[in-house]
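In what follows, a structure is listed as structure tokens, so that the remarks can point back to it.
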Ligand code: OFO
């Protein structure tokens with residue numbers, strides 16, 4: 001059985017994963033609008049992945065016999081100065097999500113809720129991958145640059161990334 005504290009934290013995480021999905025879908029629209037099909041595709045796929053993150057937590061809450069609650073979802077950012085600014089935003093966003101997940105892991109451990117602790121391990125490794133992914137894109141931007149054909153090349157590279 002989930003404690004009230006853990007239930008609240010997990011429900012907050014459900015809402016945050018919805019936000020992540022909306023943020024990435026919104027980013028895909030920005031990329032498409034700016035003529036960046038590789039990044040538009042990448043974010044559209046990533047938005048779907050975030051929905052699966054939300055669903056996993058939602059289902060876990062329900063499986064424990066508690067009630068999953070979807071709260072109001074904050075409006076995502078809609079404008080970015082350039083591709084580097086956009087990917088910096090995603091990287092910072094994922095670092096914030098990692099912090100949130102770690103906080104819930106801490107609570108589960110302190111409460112000796114080993115089932116929830118075990119469930120959250122998937123998110124711990126997922127966040128490691130997410131941070132690595134966005135950092136690698138920022139590295140690409142740094143190496144190739146966004147001037148001249150750089151933007152075209154970076155976007156093409158990003159379009160080839162396969163989202164699991
Ligand atoms: Fe991007 O990992 Fe969920 O939020």
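Summary of the geometry: region 1-73 and region 101-124, compared by the centres of their Cα atoms, lie 19 Å apart.
What number results when the radius of gyration of the chain, computed over Cα atoms, is divided by 2.2 N^0.38 Å? It would help to have the intermediate numbers written out before the result.
Numbers: Rg = 17.2 Å, N = 164, 2.2 N^0.38 = 15.3 Å.
After normalising by residue count via 2.2 N^0.38 Å, the value is 1.12.
For the pair residue 109 and residue 56, label points projected 7 Å from Cα toward Cβ lie 1.9 nm apart.
For region 15-87, taking Cα atoms only, Rg and Dmax work out to 14.3, 47 Å respectively.
Counting every other Cβ atom within 10 Å of each residue's Cβ, 33, 87 order from fewest to most as 33, 87.
Of the peptides 119-125, 150-156, how do they stack up when ordered by the mean number of other Cβ atoms within 10 Å, highest first?
Details: 119-125: 15.6, 150-156: 17.4.
Going from most to least packed, we get 150-156, 119-125.
A crude spin-label estimate for the pair residue 149 and residue 49, with each label 7 Å from Cα along the Cβ direction, gives 2.9 nm.
We did not get these values from a lab; they are worked out from the coordinates using the rules stated. The model shown is predicted, which means the values in this text are computed figures rather than measured ones. Counting neighbours? That spans all protein chains shown, and the Cβs are built from the backbone with ideal geometry, glycine included.
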